[in-house]
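Asker: Structure in structure tokens, see below.
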Amino acid sequence: MTLAVRIDQHGGPEQLNVVDVTVGDPGPGEIRIRHHAIGLNFIDVYQRTGLYQLPMPATLGMEGAGIVEAVGEGVTHLQAGDRAAYASNPPGSYSEVRVMPARQVCKLPDAISFDTGAAMMLKGLTAQYLLKKTLPVQGLQAGDFVLFHAAAGGVGLIACQWARALGLQLIGTAGSDAKCALAKENGAAHVINYSTEDFAARVKDITGGKGVKVVYDSVGKDTWDKSLDCLQPFGLMASFGNASGPVAPFAPGILGPKGSIYVTRQTLFTHIATRESTQAMADDLFAVVQSGQVQLRIDQRYPLAEVQQAHRDLEARKTTGSTLITL
């Protein structure tokens, strides 16, 4: 028997229960992995609450790192004994050991620790597809302004550093002066405390009235309307999360008067749908981490038994950087 965190129904953190489970052998296209560290992400909250529905009972967790114990038929890019890390569907990383599809699991370079691997895969691959693949129609060049909400979070701090390496002028928002300072330390060119400042007005000040080429928004409901007003003509509103709640329905006709702007709703799992795309994106992430241009901040660690508290703190905006569940 081995331990895993299971929910039997959608709801609050109290639904998270540590239970004994039996883990078998991997089938075709699968591996069995023993985790050394597990990543915590806001998507875990969405799945727990039912914003993203899961069949019950469910084990949560989309990100982890550990040692491959066994591989199933047809798996050629991994073998038993490999160090590995992943961001992957279906959920299940809140566990000591799991069997899972091998397609989105990547061999972890020796120079990258298990803790860093578990902290960076979902968040780092998200930053990768945003800054490299989710681009305005005119593209992004060095010197361009972008707006990134929740800049002191796990994805945000990676994006701040990566944007700096790309020469972008990232304007980061956060909900406190301390979080703004953290984003600035990690490469944000400008920071805005959206709890005390009108971020749309500040963006116009910073950009000389021109606005930004793209807004990257994981906050959702609370930042949506003003974010549209921050965009240049033909700018891109890139939604990739709903931390404050889902965006309300809106009339597409408003996009024309605001500058013929574009809107997209992105998800990591479309980008890593194939083994080839997953590995290419991971190679890009591994390279920027190993070069030192992006460093992972792991600001919180919770034992598996304290997973309920980890969720409470994440939802209360008490965390910064990346958070690990430890074994």
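The values are calculated or read from the model by the stated rules, or taken from the named source; none is laboratory data. Computed from a predicted structure; not experimentally measured. Reconstructed Cβ throughout: ideal geometry from the backbone, glycine too, with neighbour counts over all protein chains shown.
Asker: Quick one: is THR319 hydroxyl-bearing (Ser, Thr, Tyr), closer than 23 Å to GLN47 by Cβ and in contact with a Phe, Trp or Tyr (Cβ under 9 Å, 6 or more places away or on another chain)?
Answerer: No: the conditions fail for THR319.
Asker: Do any residues in the stretch 151-170 that are touching a residue at least 24 places away in the same chain (Cβ under 8 Å) and within 10 Å of ALA188 (Cα to Cα) have Cβ atoms under 9 Å from those of residues that are assigned to a helix (DSSP H, G or I) and of a type in the set (Ser, Thr, Tyr), where the two are at least six apart or on different chains, and which pairs are they?
Answerer: The qualifying pairs are ALA159/THR126.
Asker: I would also like to ask the following. Name, by its number, the condition in (1) closer than 16 Å to LEU236 by Cα; (2) part of a loop (DSSP other than H, G, I, E, B) that does not hold for LEU170.
Answerer: Only one criterion is unmet by LEU170, namely (2).
Asker: Given the criteria closer than 19 Å to GLN138 by Cβ and free of Cβ contacts under 8 Å to residues at least 24 places away in the same chain, does GLY209 qualify?
Answerer: yes
Asker: Something else about it: Could you list all residues from the stretch 294-311 that are within 18 Å of the chain's Cα centre (by Cα), surrounded by fewer than 20 Cβ atoms within 10 Å (Cβ to Cβ), modelled with pLDDT of 95 or more and not in a strand (DSSP E or B)?
Answerer: Across the stretch 294-311, the qualifying residue is only GLN295.
Asker: Further question on the same structure: Give GLY66, GLY81 a once-over and let me know the one that is buried (at least 18 other Cβ atoms within 10 Å of the Cβ) and of a type outside the set (Val, Ile, Thr).
Answerer: GLY66 is the lone residue from the list that is buried (at least 18 other Cβ atoms within 10 Å of the Cβ) and of a type outside the set (Val, Ile, Thr).
Condition check ((1) under 21 Å from LYS123 (Cα atoms); (2) not in a helix (DSSP H, G or I)) across all residues:
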| position | (1), (2) |
| --- | --- |
| ALA4 | no, yes |
| GLY11 | no, yes |
| VAL18 | no, yes |
| PRO26 | no, yes |
| ARG32 | no, yes |
| HIS36 | yes, yes |
| GLY39 | yes, yes |
| VAL45 | yes, no |
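Asker: Would you call VAL23 farther than 26 Å from ALA243 by Cβ, in the same structural domain as TYR302 (by TED's automatic domain parsing) and either modelled with pLDDT of 95 or more or in contact with a helix residue (DSSP H, G or I) (Cβ under 6 Å, 6 or more places away or on another chain) (or both)?
Answerer: Here the answer is yes, as VAL23 does meet what is asked.
Asker: Residues in the stretch 260-279 that are outside any helix (DSSP H, G or I) and within 19 Å of VAL247 (Cβ to Cβ): how many?
Answerer: So the answer is 7.
Asker: Return yes when ASP115 is of a type in the set (Asp, Glu), in contact with a strand residue (DSSP E or B) (Cβ under 7 Å, 6 or more places away or on another chain), modelled with pLDDT of 95 or more and not assigned by TED's automatic domain parsing to the domain that holds ASP225 and no when it is not.
Answerer: So ASP115 passes the test.
Asker: Additional query: Among the listed residues GLY92, GLY117, identify the single one that is of a type in the set (Gly, Ala, Ser), assigned to a helix (DSSP H, G or I) and within 20 Å of the chain's Cα centre (by Cα).
Answerer: The match here is GLY117.
Conditions (1) of a type in the set (Ser, Thr, Tyr); (2) more than 18 Å from the chain's Cα centre (by Cα); (3) buried (at least 24 other Cβ atoms within 10 Å of the Cβ); (4) not assigned by TED's automatic domain parsing to the domain that holds THR320, marked per residue:
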site	(1), (2), (3), (4)
LEU140	no, yes, no, yes
LEU147	no, no, yes, yes
ALA151	no, no, yes, yes
CYS160	no, no, yes, yes
GLU185	no, yes, no, yes
ILE192	no, yes, yes, yes
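Asker: Of all residues in the stretch 280-292, which are in a helix (DSSP H, G or I) and over 17 Å from LEU131 (Cα atoms)?
Answerer: If the condition is that a residue be in a helix (DSSP H, G or I) and over 17 Å from LEU131 (Cα atoms), then GLN290 is the only one that fits.
Asker: In addition: Collect the residues in the stretch 268-284 that are surrounded by 13 or more Cβ atoms within 10 Å (Cβ to Cβ) and under 15 Å from the mean Cα position of the chain (by Cα), keeping them in residue-number order.
Answerer: LEU268, PHE269, HIS271, ILE272, THR278, MET281, ALA282
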